[in-house]
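The values are calculated or read from the model by the stated rules, or taken from the named source; none is laboratory data. Since the structure is predicted, the reported quantities are computational estimates derived from the model, not experimental observations. Cβ atoms come from the backbone with ideal geometry, glycine included; neighbour counts cover every protein chain shown. Ligands, DNA and RNA are excluded from the accessible area calculation, which covers all protein heavy atoms including side chains. Shrake-Rupley method; radii C 1.70, N 1.55, O 1.52, S 1.80 Å.
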Amino acid sequence: MITLALSKGRIFDETLPLLESAGIRPLENPETSRKLIIGTTRADLRLVIVRASDTPTYVRYGAADLGIAGKDVLLESGSEGLYQPLDLNIAACRMVVASKSDFDYAGAVQRGARLRVATKYVQIAREHFGAKGVHVDLIKLYGSMELAPLVGLAEVIVDLVSSGNTLRANDLKVVEEIQPVSSRLIINQAALKLKHEQLQPLVNAFDAAVKLRG
Ligand code: PRT
Ligand code: MG
């Protein structure tokens with residue numbers, strides 16, 4: 001049996017066509033089913049439905065043989081024990097620094113001001129501002145980072161942006177790009193050795209599907 005860890009929502013939705021091109025279909029829809037383990041049309045492959053930020057944990061401990069996780073999640077959680085053979089180019093977005101539209105970020109950085117940064121991505125933010133030599137107070141949040149500058153919790157946020165609609169709707173702007181983000185295939189290193197004959201064809205099928213999409 002091969003176990004693939006996926007999160008509901010955009011990763012699941014964008015993984016479906018990749019599975020489809022490998023001839024695999026889930027037997028249930030996790031958006032409507034309450035089941036956490038879902039079989040597929042391939043008898044030896046099952047899906048486990050996890051929270052996006054938990055995917056590397058399930059794979060690292062071998063509870064799932066492989067999984068699909070955003071680069072943001074991998075950077076935050078670390079990638080020890082994980083083999084990352086493929087950028088699947090799905091769930092694409094950008095990790096950015098954003099502020100209220102009237103905040104002078106460049107000026108604050110130039111003055112050497114200490115900045116309060118609200119984010120779910122504390123590691124990524126620490127590394128980014130550390131490399132720039134900007135002094136920051138990091139404020140950990142678990143969601144809706146966009147609210148923080150509006151109510152004076154922080155001057156800037158580090159968050160993901162895709163359409164930019166959330167920033168626009170809240171009178172915020174991107175002040176710095178940190179890096180592009182997409183989702184990666186991750187594989188438990190021991191499983192890759194022990195189940196090589198089952199896993200490698202799946203990796204090859206994903207690879208072919210990604211190349212086909214261009
Ligand atoms: O939602 P939940 O709290 O359960 O967990 P999650 O947010 O980690 O999971 P999910 O399923 O929302 O995201 C899974 C992965 O999708 C993330 O780890 C990213 O790699 C990727 N991804 C791609 C995104 C976005 N695009 C994205 N736009 N993840 C989150 N967002 C959020 C962003 O944080 C912001 O609040 O969407 C909002 C901005 O969207 P726009 O379109 O208004 O710019
Ligand atoms: Mg989300």
Identity of the residue in segment 108-158, touching a strand residue (DSSP E or B) at 6+ places or on another chain (Cβ under 8 Å), of a type in the set (D, E, K, R) and over 17 Å from Ser77 (Cβ atoms), that ends up farthest from ligand 1 (Cβ to nearest atom): Arg114
For segment 46-64, pairs from a residue that is away from ligand 1 (no atom under 11 Å from the Cβ) and charged (D, E, K, R) to a residue that is at pLDDT 95 or above and open to solvent by 20 Å² or more (accessible area, probe 1.4 Å), with Cβ under 8 Å and 6 or more apart or across chains, are Arg46/Met1; Arg46/Ile37; Arg46/Gly39
Those helices (runs of 4 or more DSSP H) completely within segment 53-162 that have 2 or more residues that are more than 27 Å from Leu194 (Cβ to Cβ) and aliphatic (A, V, I, L, M) are 105-111, 122-132, 147-150
So, of the residues in segment 109-143 that are within 16 Å of ligand 2 (Cβ to nearest atom) and out of contact with any helix residue (DSSP H, G or I) (no Cβ under 9 Å at 6 or more places or on another chain), which turns out to be most open to solvent (accessible area, probe 1.4 Å)? Tyr142
Scanning segment 27-67 for residues that are closer than 14 Å to Ile11 by Cα and of a type in the set (Asp, Glu), the one surrounded by the fewest Cβ atoms within 10 Å (Cβ to Cβ) turns out to be Glu31
Pick from segment 163-177, criterion among the small types (Gly, Ala, Ser) and assigned to a loop (DSSP other than H, G, I, E, B), ranking: nearest to Gly112 (Cα to Cα): Gly164
Please pick out the residue among Leu172, Leu194, Leu153 that is in the same structural domain as Leu82 (by TED's automatic domain parsing) and away from ligand 2 (no atom under 16 Å from the Cβ). Leu194
